[in-house]
Amino acid sequence: AWYVPCLASLETLQELCRKENLRCKSIGITNRSLKSYEVEYLCDYKVEEGKAYYLVKWKGWPESSNTWEPRKHLNCPLLLQNFLRDKNEYLSRVREGKALKVRNRVKTLKPAIADYIVKKAKQRIALQRWKEELNRKKNHKAMILVENTVDLEGPPLDFYYINEYKPAPGINVLNGITTGCECADCPAEKCCPKEAGFILAYNKRKKLKIQPGLPIYECNSYCRCGPDCPNRIVQKGTPYSLCIFRTNNGRGWGVKTLQKIKTNSFVMEYVGEVITSEEAEKRGQLYDNQGNTYLFDLDYDSDEFTVDAARYGNVSHFVNHSCDPNLQVFNVFIDNLDLRLPRIALFSTRTIKAGEELTFDYQMKGSIDLTSDSAEGLSPSKKRIRTVCKCGAVCCRGYLN
């Protein structure tokens, strides 16, 4: 038997069961649980006969079951805090950021305020579920956080998190490597980089020591060395906790680090769907009409393949462009030595403070024809439109292409 994962949340399935008066033990809807109530979020507020009431959305129940409850019935301080913060945030925006004097004598909320509070609550729940999904799917120890304090935008609707290349039909991203180094303590005289004709990419502190443009050859699954080998860096995944956040200057989503990153450190790998350059040209024209693209040419040795991270990707999908970036692209070879299909790794070019946004130059060598959520960069060879750059750097070129 085969199955496909359900895209509906547990609460949504519970709502459907309760709405149709159905029992389903596997999702917790039994005769006993039909009488259980938990506050999911607060929708509205009013005062009647001197008593404060909140309109409650019950977790696992349809909105038609919402009820007005007195304040003393609510044991949910965090949800009350979110409700008040969302109300004040809406009023602050309406009043163009002027200082607010919160009046406790308000008897009812205007429909626009209540509508905003509900949308914000739903967004908060959706982003929390997305964060949990991302952390379930990632294959590294560091955490992924999600944050939006700017607008009501929720998770992208057509994005699927992956940890490695997803080859399109007919493309094989592995060339069947069956040999590795015999080093007991890498790097030795015949370690993987030297066998490929290059120097070891990392120093004793596991920091990058080679110049941009040179390839990185890491030890592979057939090598004698263990997981603590100093030549195994990219394959372990990002070691830093990162946050996907909503930018406040129209660049869509971005990524910031939650930890300090030292110079020449591996930060993340760029992954997506591997397609042919011919297919990339077709998709590029379609993406142009939609206003964005995530095409990354694998041009280390040839231009036969492209990585498309529009629908399939990892955190790097959300990294924005900058004309003065703090990340640099490097081509990496591990279990695949096919020069047409390098893995793409992003390393820090300087010390990056905790809370600082991560960026790289979409026009740097090896990173052509790529954009983030709302910054649509096109390679010079495939230039169709000129897109204004919003990176804000002192050395900004003015355009992404």
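Here are the numbers for the structure shown:
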quantity: Residue 131 being surrounded by 16 or more Cβ atoms within 10 Å (Cβ to Cβ) and in a helix (DSSP H, G or I); calculated: yes
quantity: Residue in region 81-97 that is modelled with pLDDT under 85, farther than 24 Å from residue 128 by Cβ, surrounded by fewer than 10 Cβ atoms within 10 Å (Cβ to Cβ) and assigned by the TED database to the domain that holds residue 113 present; calculated: yes
quantity: Of all residues in region 315-364 being charged (D, E, K, R) and touching a strand residue (DSSP E or B) at 6+ places or on another chain (Cβ under 7 Å), the one that is nearest to residue 272 (Cα to Cα); calculated: 343
quantity: Filter result for the condition that a residue is surrounded by 15 or more Cβ atoms within 10 Å (Cβ to Cβ) and assigned to a loop (DSSP other than H, G, I, E, B), over 223, 243; calculated: 223
quantity: Near pairs, Cβ below 8 angstrom, 6+ apart or cross-chain, from region 55-73 (in contact (Cβ under 8 Å) with a residue 12 or more places away in the chain and over 19 Å from residue 111 (Cα atoms)) to any residue that is loosely packed, with under 11 Cβ neighbours inside 10 Å and of a type outside the set (Asp, Glu); calculated: 70/51; 71/51
quantity: Matching residues in region 347-390 - criterion: being in a loop (DSSP other than H, G, I, E, B), open to solvent by less than 30 Å² (accessible area, probe 1.4 Å) and at pLDDT 50 or above; calculated: 358, 361, 362, 364, 387, 389
quantity: Condition check for residue 202: of a type in the set (Ser, Thr, Tyr), free of Cβ contacts under 8 Å to residues at least 40 places away in the same chain and either surrounded by 13 or more Cβ atoms within 10 Å (Cβ to Cβ) or within 30 Å of residue 320 (Cβ to Cβ) (or both); calculated: yes
quantity: Long-range neighbours under 6 Å by Cβ, at least six apart or interchain, first residue free of Cβ contacts under 8 Å to residues at least 60 places away in the same chain within region 274-285, second hydroxyl-bearing (Ser, Thr, Tyr); calculated: 277/306
quantity: Filter result for residue 152 (part of a loop (DSSP other than H, G, I, E, B), in contact (Cβ under 8 Å) with a residue 60 or more places away in the chain, open to solvent by 60 Å² or more (accessible area, probe 1.4 Å) and assigned by the TED database to the domain that holds residue 256); calculated: no
quantity: Sole exception among (1) part of a strand (DSSP E or B); (2) surrounded by 14 or more Cβ atoms within 10 Å (Cβ to Cβ) for residue 47, by number; calculated: (2)
quantity: Residue in region 178-198 that is farther than 20 Å from residue 338 by Cα, at pLDDT 95 or above and surrounded by 12 or more Cβ atoms within 10 Å (Cβ to Cβ) present; calculated: no
quantity: Residues of region 12-44 that turn out to be surrounded by 16 or more Cβ atoms within 10 Å (Cβ to Cβ) and of a type in the set (D, E, K, R), as a count; calculated: 4
quantity: Counted residues, region 248-257 - those being outside any loop (DSSP other than H, G, I, E, B) and open to solvent by 10 Å² or more (accessible area, probe 1.4 Å); calculated: 1
quantity: Residue match in region 168-177 (condition: open to solvent by 20 Å² or more (accessible area, probe 1.4 Å) and outside any loop (DSSP other than H, G, I, E, B)); calculated: no
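Listed here are the residues, each with its yes/no results for (1) polar (S, T, N, Q); (2) in a helix (DSSP H, G or I).
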position	(1), (2)
40	no, no
52	no, no
57	no, no
61	no, no
64	yes, yes
75	yes, no
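The values are calculated or read from the model by the stated rules, or taken from the named source; none is laboratory data. Just so it is clear, the model here is predicted, and its values are computed rather than measured. Note that each Cβ is placed from the backbone with ideal geometry, even for glycine, and that neighbours are counted across all protein chains shown. The area values use the complete protein model at the heavy-atom level, side chains included, leaving out ligands, DNA and RNA. Shrake-Rupley method; radii C 1.70, N 1.55, O 1.52, S 1.80 Å.
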